[in-house]
Every structure is written in structure tokens, then in C-alpha cells.
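*Asks:* Sharing a structure with you now.
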Amino acid sequence: MKTQVAIIGAGPSGLLLGQLLHKYGIDNVILEARTPDYVLSRIRAGVLEHGFVDLMREAGVTENMDREGHIHDGFSMMINGRRERIDLKGLTGGHTVMIYGQTEVTRDLMAARAACGATTVYEAAQVALHDIYSDHPRVTFVHGGETVTLSCDYIAGCDGFHGPSRQSVPKDAIREFERVYPFGWLGLLSDTKPVEDELIYVSHPRGFALCSMRSPTRSRYYVQVDQTERVQDWSDDRFWAELCARLPAEDAARIETGPSLEKSIAPLRSFVVEPMKFGNLFLVGDAAHIVPPTGAKGLNLAASDVYTLYKLLCKAYLDNQPDLLERYSEICLRRVWKAERFSWWMTSVLHNFNHDPFSQRIQEAERAYCVSTIAARTSIAENYVGLPYERIE
């Protein structure tokens, strides 16, 4: 097999990159280790920055999103027992976020790729990258019992934290930055009406909580738990009781409970690798960086990587400017570190850390200050809706 761009991973970032490249006539093949059903079974976030929404429009994949997605003009932070609303639209000159589940994004992109006839190979086993520093990289994989070689010009590693792309990089060529947090998020998905039309972030002495949603009839709730907790020890009743204990009484009274559709514990970490380009291999999304979910940046940060790589590949193929691809890391990492900072800040401010008395008072002061002035609220809003993508000239 031969293509121009080999894309490893058929999650939303790989599919979005493939769709954008196909739109401009750049041939690409996507390799995915799992089945389509498995990919769609992953329960992930659903808060989309305005830049991500614009990129979906550029890819021409918005019909379902426009019909079923929900625009949010703001969100609330519950601090010291008081609800403080962050007016995203008013503080950012009209920018908003959209609530539309990652599963739906992935399904829409899968359908668009099938409709355009581009190649996706599911259940591609033993994926291995070769000659990434040469002008002729290749990817080998096993499919249907046969070993296949895919020759290409460039490889986009959209295969997540545990995928083979980053593992193919020589250890002495890559630098890792990491912070692991001493807690996780216990999440529950249920077919119940959300307690509020907008997200509520809760700082409470018992621990952080988040009231979110996937639709007007499907809710997603989270509570902070110790990293030693096991999901099997949390019955639905125990979860609902703990969530309500962290909410003001009037909000707890409005919670509609029901059986869980899915329940899991996600550990929290911050992780970045530098650089993000190795020869003709480009790391995209979780292959290069992880953020705590507090700032709703994971999928959105992957989308900004996709934007940068797609624009640079268009410059390389359509404008005969392949040298611009050398800028991929520096452009991406500028935005990556800003998003990492915001996610770290949201996590540090809203969660319980069992601080020493001095650090506890500093955290309380930070919580109070972050909603006390227009400047502070504007900073939160600008980061939450998403910092602008860097223009590719």
C-alpha cells in the first residue's frame, strides 16, 4: 500500500485530520487497532471550544452537531457556598462552547469518511513505524492474517498515550514533563435530566464535583475520589449521596437520580513531550500531551494540533513549502503549554489537596480572587472557550 499521509488512530483527531486532508486532495490512510464499535464505546468529554466547532465546519461535518449540539454561553463555579457564573459570551466578545459528546463527534466523522470513500483499516494489529527520520517512512501492520506495508511521505501519530507512535521515538530524542495528581474523578453517566442548563464546577470541603451533561436528557456527573478508590466499591446510591452532599441543598434537591449507564474512575495527570515532530513523524493529541479534565481541554487541544498539521501539510503539498513542517512543534507547544497551565490552574484551585495550613489559605484566597474582578473572570472565560489558533503563514 502507498499513501501520502499515514494516520495512526481512528479516534476523533485522526478522523478529523483525515477528513480535512481529503477535502484538499491529500491522500491518506487511517490505521486503527480496534473495531469501530470499540472506538465508539469510549466515553469521553463533550465540551467543544469554538475553534473545534469551526474546524468541524471546515471539514464539512456539522449536520448532526448543528441539530443536536447545545451552545453554552457560560458556566458556574460554586466557591465558598456561593455560585459565581462565568459569562463566556459576554466576557469574550461573543465566543461560546458547544456541548456535543465525543462519541457523536467520532460517529459523524466515521460516517463522513465512509461517504467519501477514504480508506480506514480497522483491526490493524502489530502496528509498527519504520524509518521515521528518512524521506520514505513506512508503517507495517497485520490485517486478516497478512503482514502489510504502508509506504508514505509522513506519519501522523493520533493513537493516544499508549499507542505505538510515541513508543517509536528514540528515548534520547524526546523529553517528558509530567505531574500526577493524588486523586481521580469518579464519573457517572445516566439518562436523567441535568440539574442545570449549564455546567456547575463545585469546590467543597468533601472534594470537587462537576455537574455536566451530554443532552437535555442525559447527565454526566463527577466527584473527586482518592486515587486508591475502586469503582466496584461505589454503588449508584453511594455516588448520588456523595454528589448531593457536595452541592448546595437547593441544587441537591433538584438532582434527578437514576441507574448508571457507565461508571468509571479517571486518574488525573498533566503530561507533555517535547518536541512533537521526529523526522517525518508528527505526534498529535494524547500521543503528545495529557491534561486533567478540569479545564475541558483534552479533545480541544488535540483539535488544535490537527489544525496546525493540516495547514502545514497543505502548505507542503499544495504550495510546495515542505520546510514549513519544521515549525509544527514550536507552534503546537506554544498552545499546549497555555492549555496545560489553565488545566493545572483549574485543578489546583477547585480540588482538595490536604494542604498544609499556609497553602490552604493561599488556595482559598485564589478561589476568592478568581471570581472577584472582571479581569480575573475574563481570563477564565478566554481560556475556557479556547485561545485562538495560530495562523499558518
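Throughout, read-outs are computed from the coordinates displayed, never taken from laboratory work. Keep in mind the model is a prediction, meaning the values are calculated, not measured. Reconstructed Cβ throughout: ideal geometry from the backbone, glycine too, with neighbour counts over all protein chains shown.
*Asks:* Between [x] 27, 56, 16, 0; [y] 27, 61, 12; [z] 24, 50, 23, 2, which entry matches P(r) over Cα pairs in 20 Å bins from 0, in percent as derived from the coordinates of this structure?
*Replies:* [x]
*Asks:* Still on this structure: Would you please put 125-134, 174-183, 194-203 in order of how densely packed they are, using the mean number of other Cβ atoms within 10 angstrom per residue and starting with the highest?
*Replies:* Working: 125-134: 15.4, 174-183: 13.4, 194-203: 20.1.
Going by the mean number of other Cβ atoms within 10 Å, highest first, we get 194-203, 125-134, 174-183.
*Asks:* Here is a further query. If I model a spin label as a point 7 Å beyond the Cα along the Cα-Cβ vector, how far apart are those points for SER134 and SER235 in nm?
*Replies:* Label at SER134, label at SER235, 6.2 nm between them.
*Asks:* If you don't mind, another one. How about LYS338: which aspartates and glutamates have a C-alpha closer than 14 Å to its C-alpha, ignoring those fewer than 8 places off in the same chain?
*Replies:* The reachable aspartates and glutamates, counting only those whose Cα sits under 14 Å from LYS338, are ASP305, GLU330, GLU382, GLU390.
*Asks:* Figure the gain on full extension for PHE353 and ARG334 (residue separation times 0.36 nm, minus the Cα-Cα span) and round it to one decimal in nm. Numbers along the way, then the final one.
*Replies:* Values: separation 19, 0.36 × 19 = 6.84 nm, distance 2.84 nm.
Here the answer is 4.0 nm.
*Asks:* Less than 21 Å apart at the alpha-carbon level, and either on another chain or at least 8 residues along: which lysines does that give for LYS193?
*Replies:* Counting by Cα, and skipping residues close in sequence, LYS193 has these lysines nearby: LYS263.
*Asks:* With θ set to phi - 60°, apply the Karplus curve 6.51 cos²θ - 1.76 cosθ + 1.60 along the stretch 76-89 and write out the HN-Hα couplings as whole Hz, x wherever there is a Gly or Pro.
*Replies:* Using θ = phi - 60°, the values come out as 10, 10, 9, 10, 6, x, 10, 8, 10, 8, 9, 7, 4, 5 Hz.
*Asks:* Under 8 Å for C-alpha pairs, at least 6 residues apart: give me the relative contact order for the chain, rounded to a whole percent.
*Replies:* This gives 20 percent for the chain.
*Asks:* Using a Förster distance of 35 Å, how high is the FRET efficiency between ARG83 and HIS162, based on the Cβ-Cβ distance and rounded to 0.05? Spell out each step's value before the answer.
*Replies:* Details: r = 39 Å, r/R0 = 1.11.
Result of the calculation: an efficiency of 0.35.
*Asks:* Of the listed peptides 137-147, 21-31, 74-84, 294-304, what is their order by residue-averaged count of other C-beta atoms within 10 Å, with the highest listed first? Mind showing how you got there, number by number?
*Replies:* Values: 137-147: 15.0, 21-31: 19.5, 74-84: 16.8, 294-304: 25.1.
Sorting 137-147, 21-31, 74-84, 294-304 by mean packing, highest first, produces 294-304, 21-31, 74-84, 137-147.
*Asks:* Taking a ≥ b ≥ c as the square roots of the Cα gyration tensor eigenvalues, with a/c under 1.5 meaning rounded and otherwise prolate when a/b beats b/c, else oblate, which class fits the stretch 201-243?
*Replies:* Numbers: a/c = 2.10, a/b = 1.31, b/c = 1.60.
Oblate is the answer for the stretch 201-243, as a/c is 1.5 or above yet b/c matches or exceeds a/b.
*Asks:* Can you give me the distance in nm between label points at SER372 and ALA252, each placed 7 Å from the Cα along the Cα-to-Cβ direction?
*Replies:* A separation of 2.8 nm, rounded to one decimal place.
*Asks:* Something else about it: May I ask for the distance between the Cα centers of the stretch 125-159 and the stretch 32-98, given as a whole number of Å?
*Replies:* Measuring centre to centre over Cα atoms gives 33 Å.
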